[in-house]
Amino acid sequence: MAASAKELFETALNLNDQERAELVNLLLASLDTETEDGVDASWVEEISRRVAELDSGTVQTVGWAQVQAEAFEVADR
């Protein structure tokens with residue numbers, strides 16, 4: 001008998017963080033069955049560009065607390 005989604009979820013909660021992340025990636029990948037030509041290559045190019053900017057110091061990362069505070073500030077306007 002097949003388990004329900006809720007039963008599978010409850011079972012998945014017993015996995016460690018890495019195993020849960022892997023399960024999420026596998027489930028998401030199973031939904032992503034169609035992509036336009038060149039999309040994957042474009043993402044690889046974009047990610048490479050962003051990593052190069054970080055490595056060169058051209059851009060700096062911003063901590064989550066700052067991002068969250070700025071988002072709430074904008075939302076309160």
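The values are calculated or read from the model by the stated rules, or taken from the named source; none is laboratory data. Given the structure is predicted, the values throughout are model-derived calculations rather than measurements. With ideal geometry, Cβ positions are generated from the backbone for all residues, glycine too; neighbour counts draw on all protein chains shown.
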Taking only pairs six or more apart or across chains, which ones have beta-carbon atoms under 9 Å, a first residue in region 46-75 that is β-branched (Val, Ile, Thr), and a second residue that is in a helix (DSSP H, G or I)? Thr58/Ala52; Val59/Arg50; Val59/Glu53; Thr61/Leu54; Val62/Glu70
When region 52-70 is examined, which residues are found to be part of a helix (DSSP H, G or I) and of a type in the set (A, V, I, L, M, F, W, C)? Ala52, Leu54, Trp64, Ala65, Val67, Ala69
Being surrounded by fewer than 10 Cβ atoms within 10 Å (Cβ to Cβ) and either of a type in the set (D, E, K, R) or more than 20 Å from the chain's Cα centre (by Cα) (or both) is the filter here, so list the residues in region 61-76 that pass it. Phe72, Glu73, Val74, Ala75, Asp76
For region 1-41, name all the residues that are in contact with a helix residue (DSSP H, G or I) (Cβ under 7 Å, 6 or more places away or on another chain) and either at pLDDT below 95 or not in a loop (DSSP other than H, G, I, E, B) (or both). Ala12, Arg20, Leu23
